[in-house]
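Some notes on the structure that comes next.
The values are calculated or read from the model by the stated rules, or taken from the named source; none is laboratory data. Just so we're clear, the structure is a prediction, and the values are computed from it rather than from any experiment. Don't worry about glycine lacking a Cβ; one is built from the backbone with ideal geometry, like all the others, and counts go over all protein chains shown. The area values use the complete protein model at the heavy-atom level, side chains included, leaving out ligands, DNA and RNA. Shrake-Rupley method; radii C 1.70, N 1.55, O 1.52, S 1.80 Å.
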Amino acid sequence: MTRRMAVLLGAVALIGSKPAYAQDSVPGPGAVVVTIIPAGATFFREAPDTNGPSFRNYDVGAGLDYHFNRYVGVEAEVTGAIGIAQDLQFSGETFNLKTPHLLNYSGNLVLFAPNRTSVVPYVTGGAGGLTVFDKASLGINETQTFLTGNVGGGVKWFNGRWGLRGDYRFIAVRSKDDTGAAGPPGRVRAPSFFGQETRYGHRVYGGVLINVWR
């Protein structure tokens with residue numbers, strides 16, 4: 001009788017613990033979450049000193065999150081900003097040209113709001129690089145890479161394994177130090193279109209979330 005009672009109590013405890021675990025883990029992110037970015041945009045403001053024009057590109061990409069707990073995580077992100085034809089202003093004149101393709105990659109710290117719902121706001125910041133691919137029509141004769149920093153935030157919504165995400169970033173792109181004529185030999189001078197002074201931009205995107213490890 002005692003043995004049967006112990007088995008019965010163990011079964012009841014096991015059954016009762018499963019809903020509690022599900023309630024704690026769903027909604028919300030798992031330990032590892034993948035973001036697929038099918039649509040977004042990056043905007044860079046005009047450079048005030050070198051007259052590099054403002055422009056915008058179309059974004060696609062992906063990200064990988066690892067969550068230490070419900071409140072702190074890290075994220076690796078790679079996005080491609082595809083150049084599109086648009087009106088660009090150079091020295092008071094307007095030309096319709098296609099912007100260069102960009103590749104942005106960064107590592108970020110992510111802090112989540114201390115809630116337990118399917119909607120999870122967050123703030124984030126980090127550093128990385130921005131590669132600007134060559135575009136002869138804009139005076140960009142060689143591909144160059146610049147150091148970047150970003151801060152921003154957004155919101156994630158989860159429904160079991162799947163979810164959606166909206167994200168905003170403020171981006172700062174550090175200028176090259178060797179833009180003058182006396183730059184070190186063998187180093188490529190940054191083009192006037194982009195890179196001769198620190199540039200500031202904005203990036204927004206909508207993404208699809210996949211909980212790959214809970």
Using Cα pairs closer than 8 Å and at least 6 residues apart in sequence, work out the relative contact order for region 73-183, in percent.
19
For residue 175, list long-range residues whose amide hydrogen, built 1.01 Å from N in the peptide plane, is under 5 Å from its own amide hydrogen.
198, 199
Per residue, how large is the accessible surface of region 94-214? Use a 1.4 angstrom probe and give square angstrom.
49
Lys and Arg at +1, Asp and Glu at -1: neighbours of residue 121 with Cβ under 12 Å from its Cβ sum to +1
Which of the trypsin sites (Lys or Arg not before Pro) across region 111-162 are loop residues per DSSP, with 16 or fewer other Cβ within 10 Å?
116, 161
Environment charge at residue 54 (Cβ cut-off 11 Å; Lys +1, Arg +1, Asp -1, Glu -1):
+1
At what distance in nm do the modelled label points of residue 78 and residue 164 sit from each other, each positioned 7 Å from its Cα along Cα→Cβ?
2.7
Lys and Arg at +1, Asp and Glu at -1: add these up for the other residues within a Cβ distance under 14 Å of residue 102 and post the number.
+3
